[in-house]
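**Q** I'd like to ask you about the structure that follows.
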Amino acid sequence: MTHAAEPRNTTTPAGAPVGTTAGSLWQQRLRTFRAPILIVGMALVLVVARAFDGLSNMSAFLGLPIGIASAVGAVFFYRWLNRKVEGRTEVEEVTKVDRWKNLRRGVTVGAVAFTLTMLIIGMFGGWEHIGGGSIGGFLITLGIMSSVAVNEEMLFRGVIFRIMEERLGTVVALVISSVLFGLTHLVNHGATVWGTVAIAIEGGTMMVAAYVLTRSLWLPIGIHLAWNLTEAGIFGVPTSGTTPTATLWHTTLDGNSVLTGGDFGPEASLTALLVCAIPTVFMLRRAARNGQFRKGQLRRNKAI
């Protein structure tokens, strides 16, 4: 006498299909909400880093190591968070491949760009006074700006731009992420609508161009670091509305805000905007020739 086979249970106790483990279910849920998780995670790291910046101002002996440690820790956290949330075995944008080469290139671009901005301002009579600072002050600012550059680039280019690009394509993501980057500076002292637009183009578009060209965060991190360090740590001029105290020199600017940027600093000047347009256009044109511009999922779906 034969017996009918009992129906096999095709679900786990949690109601998931057979073969789906609790771990893989959790991974799927993380990927579903990856954008807000990554944004919140890296935003919290940025907030913590800003808190440590206060400690960095105490002395050069603390400022430089705290800033560097904050930057290195943020990179490790970024890698860990992306692997956990997105399930990536390799986080390509922060790999060791060409890391130092891209950092060196970025530091060169950023330092030259801001130095040229200041020279042009000086040529048209925008320099009023230059006073001495200290090497220790420069080292403090080096630590702080290392942390700022790494954390902001990983949040705005590594998370916000990268995820938007997957959905909307390179061009649309570039515009939206640049606007968001500019708007975050609107609350700073001396901020104006024009200054916000300038920051969006200089800081937002130029950094996106650097990322798109190399598909690496090291080049934009290098540019961001050198620009801020040259601005605040060497020349000592207002940086996004904040007047630095720890700097190599203290430079006072005077003249039309179109030339000098006013209270917000040279970043809000037409001078900086025109200077930054040169490497930005160069990098975008080269990225386009190299086929680095991508269509988003929405456009690809429409084409099917």
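The values are calculated or read from the model by the stated rules, or taken from the named source; none is laboratory data. The shown structure was predicted, so the numbers you read here are calculated from the model rather than taken from an experiment. Virtual Cβ from ideal backbone geometry, glycine too; neighbours counted across all protein chains shown.
**Q** Take the residues of region 72-114 that are closer than 19 Å to Val159 by Cβ and loosely packed, with under 13 Cβ neighbours inside 10 Å: which is farthest from the chain's Cα centre (by Cα)?
**A** Top of the filtered list is Thr89.
**Q** Would you call Val75 of a type in the set (A, V, I, L, M), without any contact (Cβ under 8 Å) to a residue 24 or more places away in the chain and within 13 Å of Trp218 (Cα to Cα)?
**A** no
**Q** Please specify each residue of region 143-169 satisfying the condition of being crowded, with 22+ Cβ neighbours inside 10 Å, over 13 Å from the mean Cα position of the chain (by Cα) and at pLDDT 95 or above.
**A** The answer is Glu165, and nothing else.
**Q** A further question follows. So is Val258 surrounded by fewer than 22 Cβ atoms within 10 Å (Cβ to Cβ), hydrophobic (A, V, I, L, M, F, W, C) and under 21 Å from the mean Cα position of the chain (by Cα) or not?
**A** no
**Q** Follow-up. Please count how many residues of region 84-119 are β-branched (Val, Ile, Thr), closer than 14 Å to Arg215 by Cβ and outside any helix (DSSP H, G or I).
**A** 3
**Q** Let me ask something else about it. Return yes when Thr2 is in contact with a Lys or Arg (Cβ under 9 Å, 6 or more places away or on another chain), modelled with pLDDT under 90 and in a loop (DSSP other than H, G, I, E, B) and no when it is not.
**A** no
**Q** Which condition breaks for Ser240 when tested against (1) of a type outside the set (Val, Ile, Thr); (2) under 18 Å from the mean Cα position of the chain (by Cα); (3) at pLDDT 95 or above?
**A** (3)
**Q** Output the number of the condition that Thr117 fails; it satisfies all remaining conditions of (1) over 19 Å from Ala35 (Cα atoms); (2) surrounded by fewer than 24 Cβ atoms within 10 Å (Cβ to Cβ); (3) at pLDDT 95 or above.
**A** Failing condition for Thr117: (2).
**Q** Restricting attention to region 136-151, does a residue exist that is within 28 Å of Met283 (Cα to Cα), outside any helix (DSSP H, G or I) and in contact with a helix residue (DSSP H, G or I) (Cβ under 8 Å, 6 or more places away or on another chain)?
**A** There is no residue in region 136-151 that is within 28 Å of Met283 (Cα to Cα), outside any helix (DSSP H, G or I) and in contact with a helix residue (DSSP H, G or I) (Cβ under 8 Å, 6 or more places away or on another chain).
**Q** Restricting attention to region 27-35, does a residue exist that is modelled with pLDDT of 85 or more, under 16 Å from Asn151 (Cα atoms) and buried (at least 17 other Cβ atoms within 10 Å of the Cβ)?
**A** Just the residues of region 27-35 that are modelled with pLDDT of 85 or more, to begin with: 34-35.
Now drop any that are not under 16 Å from Asn151 (Cα atoms), which leaves none.
No, the conditions are met nowhere in region 27-35.
**Q** Could you count how many residues in region 171-195 are surrounded by 20 or more Cβ atoms within 10 Å (Cβ to Cβ) and either part of a helix (DSSP H, G or I) or at pLDDT 95 or above (or both)?
**A** 7
**Q** Sticking with this structure for a sec: Can you give me the number of residues within region 201-237 that are of a type in the set (Asp, Glu) and either modelled with pLDDT of 95 or more or surrounded by fewer than 24 Cβ atoms within 10 Å (Cβ to Cβ) (or both)? Show your work before the answer.
**A** Looking only at region 201-237, we keep the residues that are of a type in the set (Asp, Glu), and these are 202, 231.
Subsequent filtering for residues that are either modelled with pLDDT of 95 or more or surrounded by fewer than 24 Cβ atoms within 10 Å (Cβ to Cβ) (or both) retains 231.
Residues flagged as of a type in the set (Asp, Glu) and either modelled with pLDDT of 95 or more or surrounded by fewer than 24 Cβ atoms within 10 Å (Cβ to Cβ) (or both) within region 201-237 amount to 1.
**Q** Out of the residues in region 243-263 meeting the condition of being among the polar types (S, T, N, Q) and at pLDDT below 90, tell me which one is farthest from Phe181 (Cα to Cα).
**A** Thr245
**Q** Identify all residues within region 78-114 that are among the acidic types (Asp, Glu) and in contact (Cβ under 8 Å) with a residue 12 or more places away in the chain; write none if there are none.
**A** Scanning region 78-114 gives Glu86, Glu92, Glu93, Asp98.
**Q** If you don't mind, another one. Just to be sure I understand the filter: pairs with C-beta atoms under 6 Å, separated by 6 or more residues or on different chains, first member in region 223-245 and within 12 Å of Ile144 (Cα to Cα), second member part of a loop (DSSP other than H, G, I, E, B) and not acidic (Asp, Glu). Which pairs pass?
**A** The qualifying pairs are Ala232/Pro244; Gly233/Thr247; Pro244/Gly236.
**Q** Another question, if that's okay. Scan region 199-210 and give yes if some residue there is on the phi < 0 side of the Ramachandran plot and without any contact (Cβ under 8 Å) to a residue 40 or more places away in the chain, otherwise no. Step through it out loud before you land on a result.
**A** Keep residues of region 199-210 that are on the phi < 0 side of the Ramachandran plot, which gives 199-210.
With without any contact (Cβ under 8 Å) to a residue 40 or more places away in the chain added as a condition, the list becomes 200.
Yes.
**Q** To continue, here is another question. Under 8 Å between Cβ atoms, which residue pairs at least 6 apart in sequence (or on different chains) link something in region 162-182 that is under 14 Å from Arg215 (Cα atoms) with a partner that is part of a helix (DSSP H, G or I) and among the polar types (S, T, N, Q)?
**A** Close Cβ pairs satisfying both conditions: Glu166/Gln297; Leu174/Thr205.
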